[in-house]
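Here is the structure we will look at.
Throughout, read-outs are computed from the coordinates displayed, never taken from laboratory work. As the structure is a prediction and not an experimental result, all values here were calculated from the model. Methodologically, a virtual Cβ is constructed for each residue, glycine included, from the backbone with ideal geometry; neighbour enumeration extends over all protein chains shown.
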């Protein structure tokens with residue numbers, strides 16, 4: 001049994017650009033914006049970085065391929081750079097690359113960058129893309145909302161909810177994230193909405209309306225990671241360490257085998273189970289202070305509450321409506337607004353989630369700072385991405401915590 | 001003919017969509033002389049994803065005989081999708097027929113359907129699958145717009161057997177370069193001439209001659225004929241029947257009023273209708289028209305008693321198309337702005353399409369011989385998480401299976417020729433799952449657990465390189 005990543009690597013600096021329709025910025029501007037913040041936070045000079053990872057998804061209408069856009073935008077001193085891409089888990093993959101490099105001893109200090117420039121397509125929603133030369137010949141030319149909307153019809157049928165009941169819970173999820181984002185100056189969508197507005201919004205993909213969908217945003221986020229020893233040498237006292245970084249990709253079961261019922265994500269429970277084991281978490285409902293999950297659509301967040309083990313199977317709509325995941329609830333979810341309102345620049349998203357957990361653990365989250373279970377601030381946070389669609393995806397779960405937090 | 005060939009099976013496909021002729025008249029009344037408003041009946045319309053080939057596949061599937069595959073396929077159409085790519089081979093591959101059968105395309109005349117029948121009957125020792133299908137474009141406001149319809153008919157012909165539906169007793173063909181209408185290669189629309197001239201100068205000359213020669217060859221009097229099957233208007237058919245001495249014979253005009261003139265398929269479609277009302281022993285004369293006439297004498301046989309009503313069934317399965325404008329859009333007769341998502345490049349990797357032809361044309365997945373799991377597409381390693389054996393799968397055709405809707409959506413964001421784009425997870429009756437497009441399903445109609453079957457349809461079209469792609473879709477049973 002591998003010893004795992006727990007507490008071997010700490011984050012010493014993070015940065016995140018404002019998310020939104022950044023018409024006047026290209027991906028290089030966004031990366032520089034995030035990087036300057038992270039570098040200042042870490043208190044190091046750029047040339048101390050030994051290696052860097054770039055996460056970007058839609059390279060076609062964006063940066064182009066390879067890691068060169070990162071090396072060139074930041075004028076890095078010819079250190080090794082690597083581009084990673086794993087659908088919407090890309091940002092977390094970038095972090096995983098940097099963390100593993102430090103844990104291996106190959107690097108002292110590594111950079112994980114994620115960026116996405118989505119608003120250079122000329123239309124709203126995500127860019128069009130090929131699914132593969134064979135897949136394009138038989139799969140529907142589905143959209144992201146259409147692929148995730150499948151969860152709602154299957155979930156409602158399986159658990160005996162009417163679509164009206166399910167949509168009420170979904171509306172609560174969107175309203176909660178909008179409420180949270182009003183206290184986040186970097187968020188894309190910072191206005192309150194009502195459940196009725198969600199229900200009345202124009203249809204996108206049955207049963208999802210436009211207010212069930214996350215923002216399509218430009219943005220970048222990054223992390224600078226090192227060992228606890230080097231972090232202390234840099235003068236850092238409160239350290240945020242990586243407790244777990246797990247990934248569970250589909251192997252084709254959801255696409256081709258009848259055993260999956262379509263009402264939830266098959267991979268998330270697998271990634272979560274491994275992450276809880278790696279972090280030494282026995283009871284996530286009691287031990288985790290806040291969560292940032294892949295709420296690309298309201299129904300996704302709803303089923304994830306069950307897939308991550310926070311709600312009993314079939315009970316998430318009740319827990320949602322009871323406020324369990326609101327800012328004042330037992331397990332605040334998307335305290336920064338989430339994909340829904342902070343926005344979803346794909347390559348940056350996993351790192352944006354880590355950024356919020358990092359700020360909350362260090363007590364630097366400003367107006368939206370949580371008090372945590374102890375009342376002295378949160379100690380453990382979880383981030384989750386679901387790259388792809390329910391039929392085939394990559395689930396990532398990472399757990400970040402204060403290095404002193406005992407688990 | 002040494003031994004009479006027989007029609008062993010018949011199949012019909014009339015697209016589900018129907019546009020009321022009164023709706024056409026209402027939309028185009030401003031451009032037409034008064035008097036068209038009394039238009040009755042409806043015209044059958046291809047959905048946006050149907051064409052002569054997809055209709056042919058459906059008609060042929062409904063003529064399928066599990067006890068004997070054809071040795072030959074004849075595809076008759078004036079609107080086959082490809083001018084140079086063998087539509088008959090595409091048809092045979094969608095039907096998963098052997099690659100060693102003969103396949104031929106007949107076209108260039110609306111008589112192709114009956115000429116194909118005569119040709120097949122002449123080699124009565126072989127089993128021939130004859131499929132006629134047409135989806136002709138009509139100019140908005142034209143007389144053809146009111147009278148044409150889209151449909152396909154299929155006949156399985158071969159040596160007679162106790163289940164045969166009809167025997168072919170005699171045939172007669174007269175050729176004549178009479179231009180009642182025409183369409184040059186590459187043109188979109190037919191150019192039609194005056195009906196009275198066509199009737200007086202051609203049909204009333206040729207058909208009575210062909211019929212009398214047919215009856216003489218068979219040693220029959222006109223009074224013995226019970227059914228007269230002939231495309232064309234009621235007025236013309238009545239005049240021709242009288243001239244032939246067939247005024248007592250029945251003419252089933254349901255295909256004209258409820259579907260419209262389906263070109264090469266029309267005589268065979270009307271024959272299918274006639275056979276459903278005929279009693280064993282009834283004699284039938286079938287006429288095909290196009291630069292001359294074909295005349296075929298048939299006798300209804302005892303197999304009819306047990307045959308299903310495929311023609312009536314196809315007419316009954318219908319759904320009204322309330323929008324004349326949407327019909328124009330489906331036929332590309334108006335240029336609708338579908339937004340930037342419709343600009344997607346649909347270039348085909350033909351190497352892949354060929355490598356995966358069993359999956360794409362015949363809808364074959366794999367069945368693992370180790371654990372029995374059915375899966376699509378067929379893969380090297382079994383998808384069953386409890387199995388995962390390598391190279392254990394044999395081909396397994398899913399086209400004729402049933403399925404169940406596991407989840408679905410109605411997507412208003414994706415490009416769709418007929419929004420919303422409806423797709424979802426379908427579980428096959430024998431196991432296996434596929435994310436599939438649904439067709440012939442309107443928004444608001446689909447439910448989880450609905451039963452579906454599978455149909456061969458247009459998947460999409462590469463407008464830049466003019467290439468149409470096909471795949472199988474799910475439709476509710």
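Tabulated values for the structure
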quantity	calculated
Nearest-ten-degree value, helix B:112-122 long axis tilted from longest Cα axis of chain B	80 degrees
Chain A: most fluctuating residue of A:374, A:327, A:263 per GNM, C-alpha cutoff 10 Å	A:374
Overall dimensions of the stretch B:313-414 by Cα: Rg and Dmax, Å	19.8, 54
Pairwise FRET efficiency - residue A:199 versus residue B:333, Cβ, R0 = 35 Å, nearest 0.05	0.35
Residues residue B:184 and residue A:123, FRET efficiency given R0 of 51 Å [Cβ-Cβ distance, rounded to 0.05]	0.80
P(r) of chain A over all Cα-Cα pairs, binned every 10 Å from zero, in whole percent	5, 25, 35, 25, 8, 1
Full-extension gain in nm, residue B:316 to residue B:342, via 0.36 nm per residue minus C-alpha separation	6.0 nm
Principal-axis tilt of helix B:52-62 within chain B, Cα atoms, nearest 10 degrees	90 degrees
Residues B:446, A:151, B:174, sorted so that the one with the fewest Cβ neighbours within 10 Å comes first	B:174, B:446, A:151
Per-residue average of Cβ from other chains inside 10 Å of B:345-352	3
Long-range tail of P(r) for the stretch A:57-99 (Cα pairs > 17 Å, %)	34 percent
Residue A:318/residue B:371 FRET efficiency (R0 51 Å; Cβ-Cβ; nearest 0.05)	0.85
Linear extension gain, residue B:477 paired with residue B:218, 0.36 nm per residue minus alpha-carbon span	88.8 nm
Gap separating the Cα centres of the stretch B:453-468 and the stretch A:324-386, nearest whole Å	46 Å
Using alpha-carbon coordinates, inclination of helix B:204-218 to the longest axis of chain B, degrees	90 degrees
Shape call, the stretch A:155-238: gyration tensor on alpha carbons, a/c limit 1.5	prolate
Stokes-Einstein translational diffusion, the stretch A:263-347 - Kirkwood Rh over all Cα pairs, 0.890 mPa s, 25 °C, in µm²/s	185 µm²/s
Kirkwood-type radius of the stretch A:279-407, with distances r between different C-alpha atoms, in Å	14.7 Å
Ranked list, fewest to most other Cβ atoms within 10 Å of each Cβ, for A:193, A:11	A:193, A:11
Zero-based 5 Å bins, Cα pair distances in the stretch A:1-86, whole percents	3, 12, 20, 23, 20, 12, 6, 3, 1, 0
Projected label distance in nm at residue B:466 and residue B:191, using a 7 Å step from Cα toward the beta-carbon	2.0 nm
Cα centroid separation - the stretch A:99-163 against the stretch B:297-376, whole Å	30 Å
Projected area averaged over orientations for the protein assembly as shown, convex hull of C-alpha atoms, nm²	39.7 nm²
Highest-MSF residue in chain A out of A:64, A:91, A:372 [GNM, Cα springs under 10 Å]	A:64
Contour minus Cα-Cα distance for residue B:126 and residue B:69 (0.36 nm per residue)	19.5 nm
Against the rule of thumb 2.2 N^0.38 Å, how large the Cα Rg of chain B comes out	1.00
Pair residue B:379, residue A:78: separation of 7 Å Cα→Cβ label points (nm)	4.4 nm
Dimensions (Å) - the stretch A:1-160, Cα atoms, principal axes, largest first	52, 47, 31
Average silhouette area of the stretch B:1-159, convex hull of alpha-carbon atoms, in square nanometres	10.5 nm²
Partner chain coverage, peptide A:150-156 - average Cβ within 10 angstrom	5
GNM flexibility winner over chain A from A:299, A:389, A:173 (Cα, springs under 10 Å)	A:389
Taking N as its residue count, the alpha carbon Rg of the stretch B:172-310 over 2.2 N^0.38 Å	1.06
Taking B:22, A:24, A:71 and counting other C-beta atoms within 10 Å, the order from fewest to most	A:24, B:22, A:71
Mean ellipticity per residue at 222 nm, deg cm²/dmol - from DSSP H runs of n ≥ 4 across chain B, formula -39500 (n - 2.57)	-6500 deg cm²/dmol
Where labels lie 7 Å past Cα in the beta-carbon direction, separation of residue A:233 and residue A:59 in nm	3.4 nm
